[in-house]
Amino acid sequence: MKGIIWTKSIFEEFVNIAMLNEEEIAFVEASIKGWSRVKISMELCMSVRKVNTILQRCRIKYDAAQKESSILPARKRSVKDIYCA
């Protein structure tokens, strides 16, 4: 979930509004640490395909939660958004 500057309050807000399950929370925490998809799959004992599925699910949940929250920033969707902000 690149393009988001994660703070503790943003993470907690996302977890609460999106009602993430334990697997999704572990994925988001690993992603925040900068782990690659392969490392996440190895550390969380799941396939890369499952990691990709969780990533997609978390993106959808983040976009929905962002609309309901006053503190969640919009997710950057392209390289232009990330580097030209």
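A few remarks follow.
- Spin-label model, Gln56/Met42: points 7 Å from Cα along the beta carbon direction are separated by 2.5 nm.
- Relative intensity, log₁₀ I(q)/I(0), of segment 1-41 from a Debye sum that treats every alpha carbon as a point, q = 0.33 Å⁻¹: -1.23
- Modelled FRET efficiency - R0 35 Å, Arg49 with Glu29, Cβ distances, 0.05 increments: 0.95
- The residues of the chain expose on average 67 square angstrom of accessible surface per residue, using a 1.4 Å probe on protein heavy atoms.
- For Ser69, residues with placed amide H under 5 Å, excluding near neighbours: none
- Stokes-Einstein translational diffusion, the chain - Kirkwood Rh over all Cα pairs, 1.002 mPa s, 20 °C, in µm²/s: 162 µm²/s
- Apportionment of accessible area to carbon and sulfur, the chain, percent (1.4 Å): 54 percent
The values are calculated or read from the model by the stated rules, or taken from the named source; none is laboratory data. All of these numbers come straight from a predicted model, not from anything done at the bench. Cβ sites come from the backbone with ideal geometry, for glycine too, and all protein chains shown count toward neighbours. The protein model used for the area step is the full one, side chains on, heavy atoms only, and it has no ligands, DNA or RNA in it. Shrake-Rupley method; radii C 1.70, N 1.55, O 1.52, S 1.80 Å.
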